[in-house]
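Every read-out reported here was derived from the displayed coordinates using simple, explicitly stated rules and does not represent laboratory data. Given the structure is predicted, the values throughout are model-derived calculations rather than measurements. A quick note on method: Cβ atoms are made from the backbone with ideal geometry, for glycine too, and the neighbour counts reach across all protein chains shown.
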Amino acid sequence: MKNVSDIKDCFGCGVCAIVCPKKIIDIKLNKEGFYAPVVDGQNCIECGQCVAVCSYSSGTIAHQSSIKGLYSAYSLSAENRKSSTSGGIVYEIALSMIKKGYEFCGVRYNIEKHRAEHYTTHSESEIKASQKSKYLQSYTIDGFSQLDFHGKNVVVGTPCQIDSIRRLIKKRKSEDNFVLIDFFCHGVPSYNLWRSYLKHTQLYDIKNVQFRSKEDGWQESTYIIIISKLRIWKSKMINGDLFYKFFLGNRCLNKPCYDDCKFKTINSSADIRVGDMWGKKYCTNQEGISAVITFTEKGENIVRSLSNCSIRDESINDVLGIQMRKNAQRPLSYKFVINSLKKNKPLTFINFIASLIELPNKSRKKFIYITKRLKQLFC
Ligand SMILES: Cc1cc2nc3c(=O)[nH]c(=O)nc-3n(C[C@H](O)[C@H](O)[C@H](O)COP(=O)(O)OP(=O)(O)OC[C@H]3O[C@@H](n4cnc5c(N)ncnc54)[C@H](O)[C@@H]3O)c2cc1C
């Protein structure tokens, strides 16, 4: 393979664009609403560097690791813990590493472009924007291109982004300068869903977006809050929030999240993996606890030396808790949903039809029969 132009529907991590010496690779949203490379093939010098760092085109994981430590952890600062998704452990790591002179590369929400994007900073106040998960595929180019391979860096990202970054730093012989953090990853939903969801809220002049809120406690934190100039939108998964219904119902994830993710459970190229410590053991906790796995001595030392955190040894079963063991499965409605989102159909309509398609055959036939009978009676 000469370059990544032959690759279709990849992870969209953008590392190919960073490494390209001719800068002929751009990362753009495709029609399905996912970031993917676009290559100006005419000016390609066929150096193969883009393919060499591409996690998607390799069958293996860049860094075969073994577990060094398994923990539940949370920040001792009530404020930091509350403004993070689970226990606030990534923020504590970022804070401690910045004090040691590291640059931090994480993800913030861009309110003008309504997208998640990587950015790089060494300022304590600026890392706050990275707190909380943004359940979207991040645009990586600006953040990753600011990485200094001769300086010290902490990079947080999805397991596929981190796997490509691991390949890149191996190639540049700068692994010692990097700390890589990933998380248990459900998958990333389409930006067509996010655009449609924002339209559905009928909010204008949006000031702030939170994908997870602990307002009603961590156990009920799958809770979207969007603040606009005039109104506040609050919507919970348990009350049928449509973003979560589509995202966690796997109705419109990126194709490789179903077919090519090789990073479930303990498969990772990171030094440290985090996640929500979901499961029986902490099912009454409302402040939030992070699950933490360390895969390298470096990762283990960093976690062990965190001073402002509670860190507790755990078993593998408790750390994996109710995490996905396998890749997401496409529901029957998948094709319909992806196509309807592409055509900008209203989200409530797509949901109605998708729910019908997903009904077991018998119930679907029963539903169609009753609707027809009602139509005959009342029309
Ligand atoms: C798309 C996605 C799917 C996830 N799926 C699961 C899952 O199935 N199970 C689970 O336990 N946890 C999942 N997580 C992780 C989880 O939501 C928490 O981030 C994790 O528990 C760490 O919490 P925290 O309190 O330590 O840090 P947080 O305050 O959540 O910070 C986490 C870090 O993640 C980075 N980040 C935020 N959004 C993105 C993004 N879109 N892409 C890349 N990096 C990002 C930020 O830079 C931040 O430093 C997922 C996160 C994302 C973004």
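Which value does Rg/Rh take for the stretch 54-116 over its C-alpha atoms, Rh per Kirkwood? Taking Rh as the inverse mean 1/r over Cα pairs, Rg/Rh reads 1.07.
Counting only Cβ charges, +1 for Lys and Arg and -1 for Asp and Glu, the dipole size of the stretch 172-302 around its Cα centre is about 600 debye. With the highest mean first, a sort of the peptides 111-124, 285-298 on other beta-carbon atoms found within 10 angstrom per residue produces 285-298, 111-124. With 23 Å as the limit, the listed pairs K68/K99; K28/K343; K2/K170 have K68/K99 beyond it between alpha carbons.
Dipole of the chain computed with +1 at Lys/Arg Cβ and -1 at Asp/Glu Cβ about the Cα centre; of T201, I350, H63, farthest Cα towards the positive end is I350.
Rounded to the nearest 20 debye, the dipole magnitude of the stretch 104-214 is 260 debye, with +1 charges on Lys and Arg beta carbons, -1 on Asp and Glu beta carbons, and the Cα centre as origin.
Note on E46 and S315: the model spin-label points, each 7 Å out from Cα along the C-beta direction, lie 5.7 nm apart. Short to long, the 20 Å bins of the Cα pair-distance histogram for the chain hold 27, 57, 14, 1 percent of all pairs.
What 222 nm value per residue comes from the helices of the chain, counting each DSSP H run with n ≥ 4 as -39,500 (n - 2.57) and dividing by all residues, nearest 500 deg cm²/dmol?
Values: 15 runs with 122 residues, N = 379.
Helix-only estimate at 222 nm: -8500 deg cm²/dmol.
Applying 1/(1 + (r/R0)^6) with R0 = 25 Å to the Cβ-Cβ distance of K281 and E175, what FRET efficiency is obtained, to the nearest 0.05? The value I calculate is 0.15.
Roughly how many debye, to the nearest 20, is the charge dipole of the chain about its Cα centre, given +1 on each Lys and Arg Cβ, -1 on each Asp and Glu Cβ, and no other charges? Mind dumping the intermediate values first?
On the way: 58 positive and 35 negative charges, 383 e Å.
Dipole size: approximately 1840 debye.
Overall size of the stretch 11-153 from C-alpha positions, given as principal axis extents largest first: 54, 40, 29 Å.
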